[in-house]
Amino acid sequence: MDLKFRVAGRIAKPVSQVFEAVVNPDQLSRYFTTGGAKGRLETGATVTWDFHDFPGAFPVHVVEVVKDKKIVFLWAGNEGSPEPVGYDTTVTMTFEPLEDNRTLVSISEEGWPTTPGGLKGSFGNCEGWTGALCAMKAWLEHGLNLREGFYK
């Protein structure tokens, strides 16, 4: 059985605005990819994300994008260090409009083996996606970049 997790949070913005903040590389670079994002998330695309805490651009292979609803992508699995480990993990992001005009964003990731390295990688990414949701909320609701200067 592979390791997997799910994190979620509510953002006080309409689903279309929250979704665009993820698929648009200019917006994503403002609060999440501390080293920048290149390429819009579209089905079949390969884009790159760069992070100061894991230097070097990572390819992100977009499997599916359903506007304002879902994003699925693959990226290289990690086990706590930037060295490649030979497998990909699958990230699924869903966007659900709530009655009060907020958006529920859920992020799940799966695909690590049940090994000490897989456990370390899954916990690290769970921490990372939780931080990403917090940074997205602060950016979209208040214009604050929580990650600026955090890693470098």
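Every number here is computed from the coordinates shown, using simple stated rules; none is lab data. This structure is a prediction, so every number in the text was calculated from the model and none was measured. Glycine also receives a Cβ, built like all others from the backbone with ideal geometry; neighbour counts cover every protein chain displayed.
The simple spin-label model puts a point 7 Å past each Cα toward its Cβ; for GLU141 and SER16 those points are separated by 2.2 nm. The phi torsions of the range 68-79, fed into the Karplus equation with coefficients 6.51, -1.76 and 1.60 and a -60° offset, translate into couplings of 6, 10, 7, 9, 10, 9, 10, 8, 4, x, 9, 10 Hz, rounded to whole numbers, with Gly and Pro shown as x.
Shown for TYR31, TYR151: other C-beta atoms within 10 Å of each C-beta, ranked fewest to most, produce the order TYR151, TYR31.
The distance between label points at ASN101 and ASN24 comes to 1.8 nm (points 7 Å beyond Cα on the Cα→Cβ vector). Note down the magnitude of the dipole of the chain about its Cα centre, charges +1 on Lys and Arg C-beta and -1 on Asp and Glu C-beta and zero elsewhere, to the nearest 20 debye. For this selection, approximately 260 debye. Taking a point 7 Å from the Cα of HIS52 along the Cα-to-Cβ direction, the residues of the range 116-152 with backbone N closer than 14 Å to it are 145-152.
Straight-line reach from LYS4: taking Cα to Cα under 23 Å and skipping same-chain neighbours fewer than 8 places apart, the lysines in range are LYS69, LYS70, LYS120. Each residue in ARG10, ARG147 was given a count of other beta-carbon atoms within 10 angstrom of its own, and listing them fewest first yields ARG10, ARG147.
Compared with the dominant Cα axis of the chain, that is its longest principal axis, helix 116-142 is turned about 20°. Convex hull volume of the Cα atoms of the chain, normalised per residue: 98 Å³. Of all GluC sites (Glu not before Pro) in the range 21-126, which ones are in loop regions per DSSP and have a Cβ with at most 10 other Cβ atoms within 10 Å? Loop-located and lightly packed - GLU99.
Around VAL91, with a cut-off of 12 angstrom between Cβ atoms, what is the net charge of the other residues, counting Lys and Arg +1 and Asp and Glu -1?
Values: positive: LYS4, ARG6, LYS70; negative: GLU64, ASP88, GLU109, GLU110.
Local net charge: -1.
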